[in-house]
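Since every read-out is calculated from the coordinates, none of them should be taken as a lab result. Small disclaimer: the values here were computed from a predicted structure and weren't measured. Reconstructed Cβ throughout: ideal geometry from the backbone, glycine too, with neighbour counts over all protein chains shown.
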C-alpha cells in the first residue's frame, strides 16, 4: 500500500486569522503571521487498484491575484491535475475508485476525466452537487463506527471512508492503515497542520458545531493511534507522507515561513477562498464584483464578498 501526493499548486500562503479564527474571532490572531500553502490531492495504490482521494481543480480555474487583503493564496500552478497524475506514472483509465472528501471545486474539479472510476461521495455532498450517474455511489456510512468515529464505510482492506462533517455539512475523511501507521487524508478539517496542533478551526467552515466535534475526534484519534496527518492545503501534507511523520500533539514543529509572492494584474474575476467558486463578470451581464450588493453571497457556499480573492 502506498499513499502519494498529486501536486498541482505550490508556494502559496494563508494568514493565521484565516487558518485559526473561527471560534475565537479573527481579531484574536495576527494577519502578519502566514503559513505555507499549496494544493495537492492524494492517491492510494493498493497494489491491486488505484484509488484517488479528491480530483483537483478544473482546467480553466483562474490564477489568483495576491494583494493586501488576500487570506489564502493556493500558490502557483505547477500543472493541471490530470498531468500531475500522469507525472506519477498513472493514467486516468487505471483509476477504479474516487473518494470525495467534500464538494468544493478544488477537490472535485477533474471528476470527468476518469471513465472507469466509481465515485464515492457522502449523500449530503452528492445532493448538494446534484451529482448523478451510474458510477456515483451515494455513501450512507452503513458499516458503523470506526475507532472513535461514529459512521464509516469500508472501501477496501485497510481503507476507511469516515463521515466527518463541519467544513461542509457532508464532509468526509479517508483513513488508510498501512505498516502500523494511520494516514488521515482529511480534506479541509484544518487548512494547515499548525491549526491542528493549536486546536483551532478555520473560518472556512459551514457548520461550526460539527466542525468542532470533528476536530475533537481527529485529535482523540491521533492521541490513541500513530497517525500521519495528510493535508490538502499545505506542503506538510506530502512532507508528512515522505517522512512518515507521526503527529505529536504536544510538540508542534517550528513553522517554515512561506516564500515571497509576486503580485499580478487582476482580470476582473474573483475566486471564493472557501469553495473555489469563480465570479466572472462576463457570465453576469458584465456586473463587476465590486458593484454587487454588500449582502451578496457566494451561490455555492453562501459566504460573503469578504471571502473572495481577486483572480
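Annotations for the structure displayed:
- Virtual paramagnetic centre 7 Å along Cα→Cβ of residue 116, amide N under 19 Å, in the range 34-68: 43-55
- Checking [x] 0.94; [y] 1.30; [z] 1.11 against Cα Rg over 2.2 N^0.38 Å calculated from these atoms, the matching label is [x].
- Residues 154, 217 arranged by fewest to most Cβ contacts within 10 Å: 154, 217
- Overall form of the range 88-209 per C-alpha gyration tensor (a/c, 1.5; a/b vs b/c): rounded
- Of 145, 84, 110, the residue with the greatest mean-square motion in the GNM of the chain, using alpha carbon springs below 10 Å, is 145.
- Of the residues 302, 118, the one with the fewest other Cβ atoms within 10 Å heads the list, and the complete ranking is 302, 118.
- The chain: calculated mean residue ellipticity at 222 nm from DSSP helix runs of at least 4, using -39500 (n - 2.57): -4500 deg cm²/dmol
- FRET efficiency for the pair residue 251 and residue 296, taken as 1/(1 + (r/R0)^6) with r the Cβ-Cβ distance and R0 = 30 Å, rounds to 0.10.
- Beta bridges per DSSP, both residues in the range 1-120: antiparallel share near 75 percent.
- Exposure proxy shown here: for 183, 238, 161, the number of other Cβ atoms within 10 Å sets the order, fewest to most, as 238, 183, 161.
- Size of the range 270-310 from its Cα atoms: along the principal axes, largest to smallest, the extents are 24, 18, 16 Å.
- Alpha carbon convex hull of the range 20-80, volume per residue in cubic angstrom: 142 Å³
- Looking at the chain, the DSSP beta bridges with both ends there are about 75 percent antiparallel.
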